[in-house]
Protein chains: 2
Amino acid sequence: MKTVKGGICAAKGFTASGIHCGIRHNKIKKDLALIYSEVPASAAAVYTTNLVKGAPLTVTENHLKNGIAQAVICNSGNANTCNANGIEIAEETCSLLSAELGVRADDIVVASTGVIGQKMDIEPFKKGIPPLVKALSADGCGDAAEGIMTTDTIKKEIAVEFTVGGKVCKIGGIAKGSGMIHPNMATMLVFITTDANISPEMLQKALSTDIQSTFNMLSIDGDTSTNDMVSVLANGLAGNEKIVSEGDDFNEFMKALNSVTVTLCRMIAADGEGATKLLECSVSGAKTLKDAKTVAKSVVCSSLLKAAMFGADANWGRVLCAVGYSGADVDVNKIDVKFKSAAGEVAVCKNGAGIDFSEETAKKVLTETEIDIIIDLNDGDFASKAWGCDLTYDYVKINGDYRT
Amino acid sequence: MKTVKGGICAAKGFTASGIHCGIRHNKIKKDLALIYSEVPASAAAVYTTNLVKGAPLTVTENHLKNGIAQAVICNSGNANTCNANGIEIAEETCSLLSAELGVRADDIVVASTGVIGQKMDIEPFKKGIPPLVKALSADGCGDAAEGIMTTDTIKKEIAVEFTVGGKVCKIGGIAKGSGMIHPNMATMLVFITTDANISPEMLQKALSTDIQSTFNMLSIDGDTSTNDMVSVLANGLAGNEKIVSEGDDFNEFMKALNSVTVTLCRMIAADGEGATKLLECSVSGAKTLKDAKTVAKSVVCSSLLKAAMFGADANWGRVLCAVGYSGADVDVNKIDVKFKSAAGEVAVCKNGAGIDFSEETAKKVLTETEIDIIIDLNDGDFASKAWGCDLTYDYVKINGDYRT
């Protein structure tokens, strides 16, 4: 497996575009993105578990009942959530795109991101869809990735090449997500494309399995968004024998999917609202997988630890505190904790109690931009990772006045 | 019932003191507090559910097995948690105080608050306990309240007078707590004294019931501390007929206890680390009490909403978002939301969708220092309140470098 260029356009038969159509007031920012497969593709998606759900998710869920899709349209600037006419707007968007692109309306994945509860108008879509379709290109991944950004500061794209049954396949994805990130069964908006040949059922199985250890282990601020969705389109143009059951081919596909999703997770965490640091918490020695995951996620969610990491303060007591209240079954007298980064490693806690360490070394380790918090529970064989970011002045600034 | 002066010394037979003994480096700050009842008192306590527990809590739990206590000693500056010799230090503290004060060592409630995982030395206690005992006074509540403060910026004390069976009783409390506040079954350090005559069993029942709707509905930052404890000493000197079962007298006592605990909750929330605003979320119309509580707590815990409140931004979509992911059983299409403060009231959401409102009025309402977030779920008869605070630059500042 190797990383390749092109993001969502790396896989055969996919093109993409992104434009400004007027949903955002800021005319420099793109606000509408399109992904198109030249043939109908197997499609799978997972959605937020928030009871308050964006209208586009309901429409997409309907469209994906048959496991087939051919295009994805997504706007930023307005989440189309808690709107009286949300469903209507999402459906009309699909009708407009269907007419312009010549694909079935129910083969379209529709998504929105932005402010919740703002009235939404169909006019920008009417005006924007024709030039959006015209702009479709094999170089369009960057534009589409920009079109779905909100408070993101960097574009998030990745693609890898892998082999299934002797055929070279590609899989790539784009993501948006910076705040309101604490996915549950799904995550922020992530769109993945692949030319691997795989049935809708196995594609859904791959995605639903993968997110348990990737997007569901990511948290920026503990707030599960109303509009989270991850979707994958697999158009089969790589020509591999169709994956219709578990086995070597499915495992190869899972590995490739996982390398895309883990990369996107890390990109989202590193670009968390106001973040200056990516935090990765690696837990080992847990009694069960659930305990490992519970501990890892609890640690990256602790506001106190996140603030300490911002200040490069080796306040490991906050790690222990977050382990203790996580709800996981742990023996607190067995816990070891280390901090690690490009600058080195420092052990701070052994058997649940503090050990002498150099504050100078710790400061150096924690001043880097990627920090690993390594926890050994010494109580079993299960391990897990979670991703998050530090809590900074800028998080408060960005969210103190988001709407204006 | 009326508010009276004196805090924990308001009730008959209670004295208190607070001094600097050298646990903290900052000599201006008091770091040791004592509360004393001239007769043994019924005693009840609730403790953190964090698996990582401060050593003093274990010692206190042992001492309160017989439901009797006569003194409370608490230090700040070091949490005596994740220390190899924590239990030893806590027990030796009680021995030293027992000798000096002439009370049984196992009639002492011992508590600590401060940094986790720092080595602790008995010397400051040896030096400090004699002058601490000497300083005991009926005017000592303020000094004791200062002795337990960490990042708190204001002393938290309250007392009320009430009548049980024709006898005037008093109940008062002090609290510390500003960060690492998301109590679960207990809260930050809270010490309550009363001269009401009540059996240990009924006292425990009163406390365990009360905290469900008070301290357990409070959150500053979602981090459940390792050292949370609420304890009540009831010395019976008011002379009322002993409360040994439920009934009118017990209800009167519960009301008085509740007025003390709610006041302390609001004080803790308003003095949350870096906070500029007290948030009170009032939920009504829930299907069950559990749903009401789940919704109220989810809203005051949302980092995004907390940041919006700091910025006086009426971003009600974040209220809906937090309701939606709370896990409560709600019908999102029935939810109404209002913001209210001393400056007025503004309705922002009706039946789950946005309504037109004046941004100017909203700004005025949200610029006050006490904000009510009023949610009607319109789906049942249950109601609940939760308390929290805004998320500010100063929270990050305080916690980015707490240890130094």
**OP:** For the protein assembly as shown, state the semi-axes of the equivalent ellipsoid (square roots of 5 times the eigenvalues of the alpha-carbon gyration tensor), sorted largest first and rounded to whole angstrom.
**Re:** 53, 29, 21
**OP:** Name the most mobile residue of A:120, A:309, A:217, meaning the one with the largest mean-square fluctuation, in a Gaussian network model of chain A with Cα contacts below 10 Å.
**Re:** A:120
**OP:** Using only the alpha carbons, work out the radius of gyration and Dmax of segment A:1-64 in angstrom.
**Re:** 15.4, 42
**OP:** Sort B:180, A:267 so the one with the fewest other Cβ atoms within 10 Å of its own Cβ comes first.
**Re:** A:267, B:180
Subject >> Positive-end extreme of charge dipole, segment A:278-400 - chosen from A:362, A:389, A:283 (charges on Cβ) >> reply: A:389
Original post:
Which value at 222 nm does chain B reach when only helices count, each DSSP H run of 4 or more adding -39,500 (n - 2.57), with the total divided by all residues and rounded to the nearest 500 deg cm²/dmol?
Top reply: -9500 deg cm²/dmol
**OP:** Between residue B:119 and residue B:25, with labels modelled 7 Å along Cα→Cβ, what's the label distance in nm to one decimal, could you check?
**Re:** 1.6 nm
**OP:** Calculate the translational D of segment B:215-269 in whole µm² s⁻¹ from Stokes-Einstein, where the hydrodynamic radius comes from the Kirkwood formula applied to all Cα pairs, the temperature is 4 °C and the viscosity 1.567 mPa s.
**Re:** 95 µm²/s
Original post:
For the Cα atoms of chain A, what angle does the longest principal axis make with the long axis of helix A:289-301, in degrees from 0 to 90, nearest 10?
Top reply: 90 degrees
**OP:** Run down the aspartates and glutamates and flag those whose C-alpha is under 15 Å from the C-alpha of residue A:126, throwing out any fewer than 8 positions away in its chain.
**Re:** A:31, A:88, A:91, A:92, A:100
Subject >> If the convex hull is drawn through the Cα atoms of segment A:278-400, its volume per residue in Å³ >> reply: 88 Å³
Original post:
Using +1 on the beta carbon of Lys and Arg, -1 on that of Asp and Glu, and nothing else charged, what's the dipole of the protein assembly as shown about the Cα centre, debye to 20?
Top reply: 760 debye
Original post:
Taking the label point as lying 7 angstrom from Cα along the Cα-to-Cβ axis, what are the distances from residue A:28 to the corresponding position in the remaining copies, in ascending order and in nanometres?
Top reply: 4.5
Original post:
Considering only the label points, 7 Å along Cα→Cβ from Cα, what distances in nm to one decimal separate residue A:165 from the same position in each other copy, shortest first?
Top reply: 8.5
**OP:** Can you pull a Stokes-Einstein diffusion coefficient for segment A:88-209 at 37 °C (0.692 mPa s), Rh from Kirkwood over Cα pairs, as a whole number of µm²/s?
**Re:** 196 µm²/s
Subject >> Max mean-square fluctuation residue, GNM over chain B, Cα-Cα springs under 10 Å, options B:137, B:213, B:358 >> reply: B:358
Subject >> Candidate lysines for bridging to residue A:242, where Cα separation is under 16 Å - those fewer than 8 sequence places away on the same chain excluded >> reply: A:12, A:167, A:170, A:205
**OP:** Could you pull out the trypsin sites (Lys or Arg not before Pro) across segment B:76-127 that fall in loop regions by DSSP (anything but H, G, I, E, B) with no more than 16 other Cβ atoms inside 10 Å?
**Re:** B:104, B:119
Original post:
Which cross-chain or sequence-distant (5 or more) residues have an amide H under 5 Å from the amide H of residue A:169, H modelled 1.01 Å from N in plane?
Top reply: A:162, A:163, A:164
Original post:
Which shape class, rounded, prolate or oblate, goes with chain B when its Cα gyration tensor gives a ≥ b ≥ c as root eigenvalues, a/c under 1.5 marks rounded, and past that a/b bigger than b/c marks prolate?
Top reply: prolate
Original post:
Say a paramagnetic label sat at a point 7 Å from the Cα of residue A:287, along Cα to Cβ; which residues of segment A:369-388 have their backbone N under 13 Å from it?
Top reply: A:378-382
Original post:
Against the longest alpha carbon principal axis of chain A, how many degrees, from 0 to 90 and to the nearest 10, is the axis of helix A:248-270 turned?
Top reply: 70 degrees
**OP:** Select from A:394, A:249, A:271 the residue whose mean-square fluctuation is largest in a Gaussian network model of chain A (Cα-Cα springs shorter than 10 Å).
**Re:** A:394
Original post:
What is the pair-distance distribution P(r) of segment B:42-150, computed from all Cα-Cα distances in 10 Å bins starting at 0, with each bin given as a whole percent?
Top reply: 14, 48, 35, 3
Original post:
Rounded to the nearest 0.05, what FRET efficiency is calculated for residue B:342 and residue B:397 with R0 set to 30 Å and r the Cβ-Cβ distance?
Top reply: 0.60
Original post:
By a straight-distance test (C-alpha under 16 Å), which aspartates and glutamates pair with residue B:293 as possible cross-link partners, with residues fewer than eight away in the same chain excluded?
Top reply: B:210, B:280, B:329, B:331, B:372, B:376, B:379, B:381
**OP:** Mind pulling the angle between the C-alpha long axis of helix A:200-213 and the longest principal axis of chain A? Nearest 10 degrees, somewhere in 0 to 90.
**Re:** 30 degrees
Original post:
At residue A:367, label 7 Å along Cα→Cβ: distances to the other copies, nm, ascending?
Top reply: 4.2
Subject >> Fewest-first sequence of A:122, A:374, A:171 by Cβ atoms within 10 Å of each Cβ >> reply: A:122, A:374, A:171
Subject >> Residue of chain A nearest the A-to-B rotation axis [by Cβ], rounded angstrom distance >> reply: A:393, 2
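Rule-based calculations on the coordinates, nothing more; no lab input. Since the model is a prediction, treat every value here as computed from it, not as a measurement. Note that we place each Cβ from the backbone using ideal geometry, even for glycine, and neighbour counts take in every protein chain shown.
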